[in-house]
Amino acid sequence: MLSTLKAKFMNLLVLYFGCLEYKRMEKTQEKFDRPQLLCAPFERKDLIGIDLDSRTNRKKCTGRLKKHLADLSLQVGLPTDALAQYSQAVDILRGCNDWLWLAACYEGLCSTSVMLLYPHLFRNNVLQRYSSLGVGGSDSCPGTKINPNKVRNNPSSNSNSLPVGLDPSLPKQTSKFCLSPDDIVEKYKEAIVHYSKYRNAGVIETEASIKAVHVLIEQKRYLLAAEFLSNVVFINLQLSDEEKIIRFNALSDMYNQIGFHRKAAFFRRVAAMRCVAPQNQDPDWCQCYKLLLLTLDGYRLSLDPALFLKEGRPGWPALQIQILQELVGTSRRMGEHGLCTRHQAFLLSAMLPYFTLQEKHDNFKMLESVSSKCGSGPSPLVVADSSFIIPPVNFPNIPLCRYVRVMPPSKERQVELRDKLLVEDPGPFIFSPFQSIITTSKVAGKIDCEWVEGDICEVTFAFVNPMYIQLKLNNMMLITEGVEFEAWTSTVVIEASPEAQMVILRGRPQEPGELRILGYSFSLLGVASNCKFKSMSHLKVPFYSLNVVPALPCVQIFCDSSSSETGLVSDGALEGESKVCVTLNAGETHECNIVIHNVSSQSVECVEVALESQNEVEGPDKVFQYSLENLRAQLPIAPGGRASLTLYIYAASEFLLPGYSIEDDGMFSLMSGSEPPSLISAAPSSLHSRQSTIMSSLRGRKANRAHSSASNASSKSGSSVRSGSSVSALAMSSINASTPMPTTGLCNRTLEGLIKLSYTGGRGMENKYWRMADIGISVEVAPSLLVTRWDALPAERPNQCYIVLDLLNSASNEMDLQYTTNKHILMQGGESCRVPVPVDRCPLAKINERVRNIRKNISKRNADGEVSESEILGDHVASLVELRWTLGPFDTPGRASLKSLTFPPQTHHLITMAPVHWDVSLNGQRVENGSENVGKIGEAQRLVIGVSNSSGDALPPLTIVLTAFQDHQNGTQNYRLEAKMASTGATKFGVPKLAPEESYSHDCGLIFFTTGIYKIEVSGSPSSSSSTPYGNFQCSSVCVPGDHHSKTNQHYHAWKLAPPIEISIVD
Amino acid sequence: MAVSLTIIGKENSPLYIWMDEGRDSLQLQYLAHTGLDVIQEKISVGQKLPGDSRELYLGLLYASEEYKIYGYTTNSKIKFIVITDVTNAALRDNEIRMMFRHLHSIYSTVVCNPFYVPGEKISSQ
């Protein structure tokens, strides 16, 4: 079929060629003397009244005939002949002012030259079958419509395709008539000028112009081409509306070819407007719309909002707005409401920065009205009968998102990964200069927090309303990628205020893994909008990614308020972190019940409790105590179930306030009374009598103290405190001097504790994720009992001593203080009193053992030896003395221990057990403390003195002296008993070195000559031969450094039997 | 007197537009906008001769039936376009040239303002 068509077509061409060739041959042989005047159709009426036989007319005929011949030569493929003939014709016609035909000759000359010079020109387009949209119906110029992508720099590859088979270089050499490229343009110009002289030659003029443009494009002289083209615009043609549209379209194509896209767009738009011009009887909105779409590129407008906004594509806003408004209008007239809404939405979104407030409002109203007919979905729209695709429009700037916060879970829902294996390997380098690079190259948008599967998660957006109109965003939700995420929609109203407004979007991750938050979607006025972060350049992050961990249980932790009766406040509901506040008196113990409520759907399978305390010197476990085992026994906590943890709170406080009343004179007397060398008659009654004076002096001084605490401090430092106790006292006084209100124990203080409960369960437990719950406990400690001063006094019993305490009830309520098992005292608020507490003396063995332990640890620091000694004694006392009381109207119980009590070295021997134990019997009867011994005059009283070593070390040899005196019971004592008494056996004897637990016994007899009450003192001291003073337990240890003794050397030590043996001698 | 004056930025977006009152603003903007085509073409020709200090004044870009469009470009590719009436014979080429020079110096002062970010819209007081 095709082959026959082809054959027939070839046949036709051959016939056609034969015809032309015949015509040419005929014309060549025609006589030039009487040629017929050839003329254009519109010229015929001009011929009337012209002398046909004039010389000019004859010349004209000849010239025109020559031109016709040239045309024929060209048509049969003889360009060289044609060139020569055209040139001749030009010469002839120029002489007779035949401008129209002269122009035609020029045009022919140019065309032929172009054919020879640019043989490839249009070759590849000639065969295009659809290509004949010639301007003005001119069929002689095919290929005016050129594929736009071949606009510039048309590849001139296919040369030498001239059908006549001529070598292109040949005519140039052979034909002197061939024009140079510049001449071609010149001649075209001339031809066009001549054409323009004829009103009817518009079509030919246009044609010539366009040919010239094509030549200029080939010559790459675009500016000149533009001039020719702009000339075309001015040519006035009588055309139908349709033809005009075609003409403008063609112009636009031409401009595109020379690279003048703006001009092309301009004419395209003119063509589009022509389609729907008011005078147009049959407006074609659809064509107008398509033509308008074609202009977009020239205005640098892309309908893809992401692309348009992202690149910040430069353009001419006023013109862009115009074209978009025309698109909106046209699509509406077409009845394509979907497209209309989309264009209006794009207009609003893309051109927002260029709108005035009023324009914003107008466009918003417009969108409201068009979208009421048809909304705009999220999918691209295809324009009917064309390949145009209108992408969906989003509103990334209405409202404008200022910033995005991916919210970590609330504090009690945060998770923690406990897997030691996952600890990051920092590499073998301690410092690497690449570290900073590595850290900065972290993936942008990676959020360092974890969401938990099944938990409600939040993202906060800050939106700014650029419209100053209330915006109602429907179905607003997050757009995510990665693991399955249940995004919850919400309807958000952005108020018409210029401030940023916070919007929270929530959702629930459905499975563990990596979740990427890409953006958010909403619908505004029926326009569905998917706003991705990557299209918002100001956010700088293409997406946010975070990790979703497997489901974990979640508990609420609070204090069971039913168990508390005193000022216990639990305000966990508000802050997320629950806190318990308790007010307690110092020394009081409180019990509170902490309830762990599982509010999640997972059961709690594992629990750990940790205690944290910020400001404690004492350490939290002294204040807070709980039983973890008890809690663990309640596991697992089923969903909705509860478990409880009992917490014991002890209001720990510093009960000792040394130096608080250090200038107390009464205490000095007390202390001087305990000076070692003098014999002490331990009389509790006398102590009590003294106490009253001390009390009064204490009270009196309280007033003084109120005057100035500074004088208090200065008097302290100036006072002649005994060197032993001055260590702590001076330290204390210096503190007092620096702080004007040294009242650590007097004002309320707060103990803060934090109970950290970490728990896990469910699938999260397999992945080693834990959750934490905190409950803060704040204990306000009100002062209760203070020990202002203390001292040690000998007691009646040799194995005991009295610890005398000055107590101050600093609470405002009455206190019933129990200081020993069976003694208690009532103290009013603010009152102080002095109580003696009998304490078992500290066995030396215990001390020595402790000292050795300490020595081992601190071998060189000798000075610490004594301090540690007093500490040991303090500990000993503290372990034995416990003060208990009930306070206030509720009889709140309290207790205090005297920890960190220290004693000056002078009192150490009182607290420590004496190394010598006396075992005295008279007449075979054991002499007990206070036992009455009665003897007769003249009878020998047999006295057995037993000495045993009760210390842990060997005792050196001792010298024991018995001294008898007569007590007149009136304060005078008579030591001169030479005439009243005689002794059998030595009253002064030596005791050999005694090993531990070893004892020695001495026997002697006493005979009294007169009646009366006699007393016998028994005192032992190290033998004078022994150079070692033996006042201290340190002496017994061999390896004590010398300077250690220097202090104790000053004291002369002796052990006495107390009280002295009393014998009443009767007749 | 010119009819319109436009300053166009490097990326071919207008920085400043002034229109004589009473004129069809959109038409004039279309003219200026299409004039950019010619300017671009002229600049690209100029770029082929590096080192050659180009004449900044580009002369008449094109003429429509009513208006003449003149162009001028700075070395930093800021373009000025002035539109005059075709009938206005008072404005010769030399006057237009002076007008552009003046405009260029005014633009330089604008750019010298430390608070002006190049590429932003310019507003006239």
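For the stretch A:586-593, in order, what is each residue's ³J(HN,Hα) by Karplus, 6.51 cos²θ - 1.76 cosθ + 1.60 with θ = phi - 60°, in whole Hz (x at glycine and Pro)?
Once θ is set to phi - 60°, the couplings for the stretch A:586-593 become 4, x, 7, 10, 10, 10, 9, 9 Hz.
Can you pick out the pairs among A:980/A:1056; A:176/A:263; B:68/B:121; A:60/B:42; A:534/B:42 whose Cα atoms lie more than 32 Å from each other?
A:176/A:263; A:60/B:42; A:534/B:42
How far, in nm, would the chain grow between residue A:968 and residue A:629 when pulled straight, counting 0.36 nm per residue and subtracting the alpha carbon separation?
Full extension from residue A:968 to residue A:629 adds 115.0 nm.
For a quick check of understanding: with a 1.4 angstrom probe and all protein chains in place, what accessible area in square angstrom does residue A:361 have, to the nearest ten?
The accessible area comes out at roughly 50 Å².
Under the definition of Cα pairs under 8 Å and six or more residues apart, what whole-number percent is the relative contact order of the stretch B:4-112?
For the stretch B:4-112, the relative contact order is 26 percent.
Roughly how many nanometres apart are two label points built 7 Å out from the Cα toward the Cβ at residue A:25 and residue A:199?
Each label point is offset 7 Å from its Cα along the Cβ direction, giving 4.5 nm.
Can you give the Rg and Dmax of chain B based on its C-alpha atoms, in angstrom?
In order Rg, Dmax, the Cα atoms of chain B give 14.2, 44 Å.
Taking amide hydrogens as modeled 1.01 Å from N in the peptide plane, which residues meet the under 5 Å criterion relative to residue A:749, leaving out close sequence neighbours?
Residues meeting the criterion, in which the H sits 1.01 Å from N, are A:781.
Output the residues of the stretch B:56-93 meeting this criterion: accessible area (heavy atoms, 1.4 Å probe) in the chain alone minus accessible area with all protein chains in place is 40 Å² or greater.
Relative to the lone chain, where solvent access is computed with a 1.4 Å probe, the stretch B:56-93 loses at least 40 Å² at no residue.
With the other protein chains left in place, how much accessible area per residue, in square angstrom, belongs to chain B at a 1.4 angstrom probe?
Result: 54 Å² of accessible area for each residue.
Pop out the ³J(HN,Hα) list for the stretch A:367-375 in order, Karplus 6.51 cos²θ - 1.76 cosθ + 1.60 with θ = phi - 60°, rounded to Hz; leave Gly and Pro as x.
4, 4, 6, 6, 6, 5, 7, 8, x
May I ask you to give the percent of accessible area on the stretch B:4-112 that is carbon plus sulfur, with a probe radius of 1.4 Å?
53
Only counting protein heavy atoms at a 1.4 Å probe, give the residues of the stretch A:221-243, ordered by number, whose accessible area falls by 30 Å² or more when the other protein chains are present relative to the chain alone.
Going by heavy-atom accessible area, the residues of the stretch A:221-243 that drop by at least 30 Å² are A:223, A:234.
Long-range amide H contacts for residue A:583: which residues qualify at under 5 Å (H placed 1.01 Å from N, peptide plane, sequence gap of 5 or more or a different chain)?
Those qualifying (amide H under 5 Å, at least 5 residues apart or on another chain) are A:780.
Can you compute 3J(HN,Hα) from phi for each residue in the stretch B:24-34, using the Karplus curve 6.51 cos²θ - 1.76 cosθ + 1.60 with θ = phi - 60°, rounded to whole Hz and x for Gly and Pro?
6, 4, 5, 5, 5, 5, 4, 4, 4, 4, 6
Would you mind getting me the FRET efficiency between residue A:449 and residue A:236? Use the beta-carbon distance for r and R0 = 60 Å, nearest 0.05.
Efficiency computed from Cβ-Cβ geometry: 0.20.
Tell me the net charge near residue A:919. Cut-off is 14 Å between Cβ atoms, residue A:919 excluded, with +1 for each Lys or Arg and -1 for each Asp or Glu.
Once all neighbours under 14 Å are counted, the net charge is -3.
For chains B and A, what's the summed buried accessible area, probe 1.4 Å, to the nearest 100 square angstrom?
The B and A chains share an interface burying roughly 2000 Å².
Can you give the FRET efficiency for residue A:362 and residue B:120, using 1/(1 + (r/R0)^6), R0 = 25 Å, r = Cβ-Cβ distance, to the nearest 0.05?
After rounding to 0.05, the efficiency reads 0.45.
Largest first, how would A:790, A:316, A:488 line up by accessible area (1.4 Å probe)?
Solvent-accessible surface, decreasing: A:488, A:790, A:316.
Stretched out fully, how many nm does the piece from residue A:297 to residue A:15 gain, at 0.36 nm a residue minus the Cα gap?
96.7 nm
The values are calculated or read from the model by the stated rules, or taken from the named source; none is laboratory data. Predicted model only: the values in this text are computed from it and were never measured. A quick note on method: Cβ atoms are made from the backbone with ideal geometry, for glycine too, and the neighbour counts reach across all protein chains shown. Side chains are part of the model used for accessible areas, which takes the heavy atoms of the whole protein and leaves out ligands, DNA and RNA. Shrake-Rupley method; radii C 1.70, N 1.55, O 1.52, S 1.80 Å.
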